[in-house]
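Have a look at the structure below before the remarks.
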Amino acid sequence: MSRVSTARSGASFLALACVGFIATAPAAHAADGNAPAPADADKDGQDRSAEDREQIVVTGGRAELQGPKATASVQNTPRSVVILPKDVIDQTGSTTLADALRTVPGITFGAAEGGNPIGDRPFIRGFDSQGSIFVDGVRDTAAQARDTFAIEQVQVIRGSDSTLGGRGSAGGSINIITKVPQQTSFIRATGSVGTADYKHAALDVNQYLGGGIGVRVAAMWHDQDVAGRDAIWQRRWGVAPSVTIGLGTPARLSASYY
C-alpha cells in the first residue's frame, strides 16, 4: 500500500509542475514583450552591438593592368593574373624580383643547377619560366638577377604563354613594367639598413618638360654581406634613364636604357 501511495504522490507532483509551467510561461512572455528593445537590436530583437564592435572592415582597391598588351581591365581578362604594384614592392621591402615574387602563391625559385645560367629562375605551377619573362611586353631572354629599382609593376599571368607571347612555358609568364616618365614632377629617395651590414639606397627623379615631353631617371646602390657566410657579399649598382615624347596623347615614343 505504501508503494502505491508513493507513486500517486509522485504523479500528482509532476502534474502540478506542468500546470505551474503553463501558468507562468504566458506571464514571462508578456513581461519580455513589454520591455523596450535595445537601440542596436535587429528585427529578431537581439542586441548586435557586441558583434559590431568585433567586426573587422577591410578596404582596398584593384590594381590596373599596364603595358601595351593590356587591352582590358583585370576583371575583364579571362586569365589568372596577379599584379604586384610598386606600393606592394615597397611595403614588403623587396629589392630584387625574386623577393617580390615570393609574395605570390604558386611560384618557387630554382638555382643555376643543370647547366642553367645564374639569374632569376622562377617556376610557375611547377614549370620553368626563366625564358618566359617579358619587359614591357617584349620577351627578355637574358639571364640576370633583376633589381626592383626601375620596376613600376610586375604581372604574373598563369597559364600557357601561347595566348600572350607565343611559344613559352606551360605554367605562365612574368611581365615587368618599367618606370617611364609621367606628366608630373617629383623626386623620391629611399634607404634601408639592416643586419649583416645591409645597405640599400634608391633614387627616382621625374621631370615633366611640357609639350608632352618627360624625362625620368631611376638609380640604385646596394651593398651587403651574407649572414653566416665568410668572404661572400652582394654589391651592385644600377641606373635607368628614360625619355618619352607624346605624354597624354594616344601616340607616344619612349626611349630607355637599363
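The values are calculated or read from the model by the stated rules, or taken from the named source; none is laboratory data. Given the structure is predicted, the values throughout are model-derived calculations rather than measurements. FYI the Cβ positions are ideal-geometry reconstructions off the backbone, even for glycines, and counts take in every protein chain you see.
Remarks
- If you filter region 61-109 down to residues that are farther than 30 Å from HIS222 by Cα and surrounded by 16 or more Cβ atoms within 10 Å (Cβ to Cβ), you find that the one that is modelled with the lowest pLDDT is ALA70.
- Residue check, VAL217 free of Cβ contacts under 8 Å to residues at least 60 places away in the same chain, of a type in the set (A, V, I, L, M) and either surrounded by fewer than 16 Cβ atoms within 10 Å (Cβ to Cβ) or not in a strand (DSSP E or B) (or both): no
- Residue-level check: of (1) in contact with a Phe, Trp or Tyr (Cβ under 8 Å, 6 or more places away or on another chain); (2) more than 23 Å from PRO117 (Cα to Cα), ILE157 misses just (1).
- Extreme residue, farthest from ARG102 (Cα to Cα), among residues of region 116-150 that are surrounded by 15 or more Cβ atoms within 10 Å (Cβ to Cβ) and touching a helix residue (DSSP H, G or I) at 6+ places or on another chain (Cβ under 8 Å): SER132
- Residue in region 237-247 that is modelled with pLDDT under 95, part of a loop (DSSP other than H, G, I, E, B) and closer than 20 Å to LYS86 by Cβ present: yes
- Region 145-176: number of residues that are of a type in the set (S, T, N, Q) and modelled with pLDDT of 75 or more: 5
Residue by residue, here is whether (1) farther than 17 Å from THR96 by Cβ; (2) among the small types (Gly, Ala, Ser) holds:
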residue: GLY214; (1), (2): yes, yes
residue: ALA218; (1), (2): no, yes
residue: ALA227; (1), (2): no, yes
residue: ILE232; (1), (2): no, no
residue: ALA240; (1), (2): no, yes
residue: GLY246; (1), (2): yes, yes
residue: TYR257; (1), (2): yes, no
